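Each reported figure results from applying straightforward, stated rules to the coordinates on display, with no laboratory input. If you're wondering where the values come from, they're calculated on a predicted model, not measured in any experiment. For neighbour counting, all protein chains shown are included, and Cβ atoms are generated from backbone atoms with ideal geometry for every residue, glycine included.
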C-alpha cells in the first residue's frame, strides 16, 4: 500500500472543495435521475472535520465526518479518491484517519451512507469492519441507499 500524507483541515479548504466537486460529478453520472434528491444530504458545514490525502504534493482523495444528533455518533461523508488513483489503499488511509480523529473527539460509532451503484465503496467499508444497518435519517425509504456502521476503538 502506498503511503500518502494525510492533512486534517476544514470544509472550507479549497482543495477539499475541488475534490468534492469531482465527487459530485461522479455521483451525477452514477445516479441519474436521483442525484438531485441526494445533493441536500451531502452538504457539509463548519462542523465537518476533513482529511485530504496528498501523494507527492498532489491531492488524491478526501473524506470528512460530522457529528450526528445522536450523542457519540459521527457520520462519515464525502469519501472520494481520484479515479486514476483508486485501488491503491488511499481511501482506507483516509477512512482510518477519520476514525482516529472521531475517536479522539469521543465519538463511539461511525455511520455512513453510500449508494448501491458504488460496489467498490461498499466493499471497502465492509472490509474495514462496517456492517450494514437499516437506513437512518434522511435515507429511510430510499432504495438506492446502503447504510453502514462501525464501533470505534
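Enter the Cα centre distance for the pair the stretch 118-132 and the stretch 51-95, rounded to the nearest angstrom. Spelled out, the Cα-based centre of one part sits 14 Å from the other. Contact order, relative form, for the stretch 5-151: 19 percent (alpha carbon pairs under 8 Å, 6 or more residues apart, mean separation divided by residue count).
Mean residue ellipticity at 222 nm, helices only, the chain: -9000 deg cm²/dmol; runs of at least 4 DSSP H residues each add -39,500 (n - 2.57), and the sum is divided by the number of residues.
Rg(Cα) of the chain divided by 2.2 N^0.38 Å?
0.97
Note on residue 132 and residue 153: with the Förster distance fixed at 25 Å, the Cβ-Cβ geometry gives a FRET efficiency of about 0.75.
Going from the residue with the fewest nearby Cβ atoms within 10 Å to the one with the most, 116, 24, 56, 106 rank 56, 106, 116, 24. With both labels modelled 7 Å from their Cα along Cα-to-Cβ, the residue 24 to residue 96 distance reads 3.1 nm.
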